[in-house]
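Enquirer: Take this structure, written in structure tokens, and hold onto it; I'll ask about it next.
The values are calculated or read from the model by the stated rules, or taken from the named source; none is laboratory data. Nothing here was measured: the structure is a model prediction, and the numbers come from that model. Every residue, glycine as well, gets a Cβ built from its backbone with ideal geometry; the counts of neighbours run over all protein chains shown. Please note that ligands, DNA and RNA were not included when accessible areas were found on the heavy atoms of the full protein model with its side chains. Shrake-Rupley method; radii C 1.70, N 1.55, O 1.52, S 1.80 Å.
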Amino acid sequence: MNFATLDIDEATGALLSEAETFCDEFGEDAVEEEWETGSGFNERVHLEMGRRGWLVATWPKEEGGAGLTRFQASLLDMVLRARHIPLITKGTTDVVLGAVLKYGNDEIKAELLPRVAAGEIRFCLGYTEPDGGSDLAAARTRAVRDGEDWVIDGQKMFTTGAQNAHYAFLVTRTNPDVEKHKGLTTFLCSLEGAGISPVHTLGGERTNMVFFEGHRIPDRFRLGPVDAGWSVLAGSLDEEHAIGQVEVALERRGGMYGMVAAEAVELAIEWAHLSGPDGDRPIDDPFVRARLAEAALGVEVATASPGPMNRIASSDMAIAVSADLLDLVGPLGLLPHGQDGSVADGWLEYSHRFAQGTATYGGTVEVQRNLIAERFLGLPRSTPSSRNTNKVVG
Amino acid sequence: MSQHYGPTWRHEVQQRELMAAMTGISVSLRQADYSLSEEQEAVQSSFGALLARASPIEKVRAAEPFGFDAELWEQLNEMRAIAMAVPEASGGDGADLVALCVVAEQIGRYLAPAPFVEAVSAARLLARAGSAAAAELEAVLSGRAMVTLALHPVTSAADQLVPAGAIADHVVALVDDQLVCAPRTEGWDRADNHGRTPLARLPAVAFENAKVIQSGEDARLTFAQGIAEWKLLTGAALIGIGEGANSIGVEYAKVRSAFGSPIGAFQAVSHQLVDAAMAVAAGRRLLFKAAWFAEHEAHAGRHLIPMAYLHAERASLLAATVAVHVLGGVGFTVDGDAQLFFRRAKGWSLVGGDPNREIHLIADLLFGPATR
């Protein structure tokens, strides 16, 4: 058991200084652009990260990486996120990269990996459909074999980053006649020619609907065997659900989805130290002190939540804490970023909207609770058994 | 409490700014390794095995309502459960707070009718008082005497319920700015209670002619340290209670059927069990983190003690409440085991005062005292 301050060697210290300098140089513009567009991506930042080998940071330099240890890569990620560098498309690219490394053939790896490392090629996730969110196995987007190609027809929803990406990791139905989990195939699907329609969210993020109509892709972009898509996904989904992940000896303040809320607590504490119009400081008010202390406690509990529980705890905390802190600062909390008089530059207002989405990212907290119930508590399955819903309806 | 490091959040910001100035780093840079060492794991398995054997549910029930099993107490002393907690310089084995919390969790897990937490807290207080309490400490270490502590400063305005007061040979207490050790006298009668522990209701007069073992600011600091350690150990025991309660609920939900299905397949049931398990699991890690800081970097982690304690109280209450409810009507009967956990989740904590008041201490430690 050890919670001591980390020993940062000279090389790691230099890396982190470089990260701070990077943020000083590129961060301000990227952050302002993100307030405007919510696109989770800044091209200049992404390419500059590519130049430094930071997009595949643990890969050797000869392969476009920076030769960092996993620990150093984690610290680098923490610094960039602390400075609000938009990293959503970088994140989805990482998830898909894992699947490409594991299931892609040598040809597409040679074609794409150096360009991914450089930042020129980005990936997004084509999982969710209008009719199915957390129930990923119910995917209806069809892929039909035609000679050397597959023809894709269907629609994906919440395809975040499609406007920044070149390929989607696409879950398709290749066999509608078998039990739903057994008829899926995954592809690295080019987005060229696909219809991309923006969707704007409460949290300010921009996501997309993506349409495929007679969309043709070569078989060499198939990831994994035909009809074996569910097991290909299991590796990636577990990445999203954080099951089976090796815990590095670092923790994110507030947990997986709680960083924004943890920062909101600090901002609220700073706000409370400012004198109000009557000359009183909120931090001297016992009621304010108790609420801030509860919020801080919520952050500590979420931070300490282990494994797959962390995803749920951090989201629950973010939703509760962001609402309470916004109430605490009063009516001026309603003013968003960019408005004169906004509290903490609009970050508290933002955090209240952002927090709601965290209950559904990568699958809802309810689905995650079922997972914990079944896999960790050993409780019986709660979802209807596959013999009742083995076919996709409609 | 020492003001040397100032309010914690400001201290943390200063640390980050210092780090940033030296290295350009702006994030908190501590590792987060929650794993137990080999020695700590050995402590966990040996005390877990002892208590599984010596404190089965039947013995917990047999000890009710008083809540003390003399045979179990003797077995714990044979395993040096109290002696291990005293520093080597004072004649003990010098176990660290993390190891002591490991034992305390098992004490809670098995609802052990033995005052491990209060005896350890009080023994460590005696050790801190030095030579003035040497005789009493020696009696405790040799197993001849049991010591406990009064959790609230003694006041003539009200009696105080003292944990293990009905069985202890000495009580360590704070009377104004004096730390005293009072020997057992007439009138330390048991007060049967909700938590099934051997409480005694002691008036201020019980401490009138007690031996003074420390005075002044030292006494206040020593007492505050003792209370902080009581919170850590009680918090760990509460986590154990929560774990035990949650297990009962989960096992029942697997086998009990209703409407054609094991009830654990209904999300309304399973999600309650999951939420309780989550609160306990996070609570365990937060508690051990607090214990680590108390042992290794006390100044940096003082706020974690009331945080971990308050959360442990909430987690154990949640788990016990859910367990009683998931067991339905059976859970509500005295024959059901869930209610054993339910009583003790409240009883082992409330004796220390309204746990929700910890929020004020957390605020003081994070922000410094209010200036108005």
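Enquirer: Check whether at least one residue in the range A:107-121 is in contact (Cβ under 8 Å) with a residue 24 or more places away in the chain, within 17 Å of residue A:229 (Cα to Cα) and out of contact with any Lys or Arg (no Cβ under 9 Å at 6 or more places or on another chain), and report yes or no.
Expert: no
Enquirer: Taking only the range A:187-242 into account, find how many residues are open to solvent by less than 50 Å² (accessible area, probe 1.4 Å) and modelled with pLDDT under 95.
Expert: 10
Enquirer: Only one of these conditions is not met by residue B:99: (1) over 20 Å from the mean Cα position of the chain (by Cα); (2) surrounded by 15 or more Cβ atoms within 10 Å (Cβ to Cβ). Which number is it?
Expert: All conditions pass for residue B:99, except number (1).
Enquirer: Given the residues B:298, B:370, B:308, B:320, which is the only one that is buried (at least 24 other Cβ atoms within 10 Å of the Cβ), within 14 Å of chain A (Cβ to nearest Cβ) and within 25 Å of residue A:300 (Cβ to Cβ)?
Expert: Working: B:298 fails: buried (at least 24 other Cβ atoms within 10 Å of the Cβ); B:370 fails: buried (at least 24 other Cβ atoms within 10 Å of the Cβ); B:320 fails: within 14 Å of chain A (Cβ to nearest Cβ).
Step by step, each of B:298, B:370, B:308, B:320 is checked, and only B:308 is buried (at least 24 other Cβ atoms within 10 Å of the Cβ), within 14 Å of chain A (Cβ to nearest Cβ) and within 25 Å of residue A:300 (Cβ to Cβ).
Enquirer: A further question follows. If we only count helices (runs of 4 or more DSSP H) wholly inside the range A:1-106, which ones have 3 or more residues that are within 22 Å of residue A:167 (Cβ to Cβ), open to solvent by less than 40 Å² (accessible area, probe 1.4 Å) and away from chain B (no Cβ under 14 Å)?
Expert: Helices (runs of 4 or more DSSP H) meeting the threshold: A:43-51, A:88-103.
Enquirer: Next up: Residue B:329 is checked against (1) of a type in the set (Gly, Ala, Ser); (2) more than 10 Å from chain A (Cβ to nearest Cβ); (3) in contact (Cβ under 8 Å) with a residue 60 or more places away in the chain and fails just one. What number does that condition carry?
Expert: (3)
Enquirer: Taking the range A:308-337, which residues are open to solvent by 30 Å² or more (accessible area, probe 1.4 Å) and in contact (Cβ under 8 Å) with a residue 60 or more places away in the chain?
Expert: Across the range A:308-337, the qualifying residue is only A:337.
Enquirer: While we're here: In the range B:172-205, what residues are surrounded by 14 or more Cβ atoms within 10 Å (Cβ to Cβ), small (Gly, Ala, Ser) and farther than 18 Å from residue B:133 by Cβ?
Expert: Residues satisfying the conditions are B:191, B:195, B:200, B:204.
Enquirer: For residue A:367, only one of the following conditions fails: (1) at pLDDT 70 or above; (2) in a loop (DSSP other than H, G, I, E, B); (3) of a type outside the set (Ser, Thr, Tyr). What is its number?
Expert: (2)
Enquirer: Find the residue count for the range A:249-280, including only residues that are surrounded by fewer than 17 Cβ atoms within 10 Å (Cβ to Cβ) and free of Cβ contacts under 8 Å to residues at least 24 places away in the same chain. Give the steps one after another, and end with the answer.
Expert: In the first step, residues of the range A:249-280 are kept if they are surrounded by fewer than 17 Cβ atoms within 10 Å (Cβ to Cβ); the result is A:249, A:270, A:273-280.
In the following step, the residues that additionally are free of Cβ contacts under 8 Å to residues at least 24 places away in the same chain were identified as A:273-280.
So the answer is 8.
Enquirer: Take the range B:152-164 and flag every residue that is in a loop (DSSP other than H, G, I, E, B) and open to solvent by 10 Å² or more (accessible area, probe 1.4 Å). Step through it out loud before you land on a result.
Expert: The initial filter retains those residues of the range B:152-164 that are in a loop (DSSP other than H, G, I, E, B), namely B:152-153, B:155-159, B:163-164.
Of everything in the range B:152-164, those that are in a loop (DSSP other than H, G, I, E, B) and open to solvent by 10 Å² or more (accessible area, probe 1.4 Å) turn out to be B:152, B:153, B:155, B:156, B:157, B:158, B:159.
Enquirer: Determine whether the range B:224-245 contains at least one residue that is open to solvent by 20 Å² or more (accessible area, probe 1.4 Å) and within 13 Å of chain A (Cβ to nearest Cβ).
Expert: Looking for residues that are open to solvent by 20 Å² or more (accessible area, probe 1.4 Å) and within 13 Å of chain A (Cβ to nearest Cβ), one finds at least one in the range B:224-245, hence yes.
Enquirer: Now a separate question. Given (1) of a type in the set (S, T, N, Q); (2) open to solvent by 20 Å² or more (accessible area, probe 1.4 Å); (3) away from chain A (no Cβ under 14 Å), identify the lone condition not met by residue B:356.
Expert: (3)
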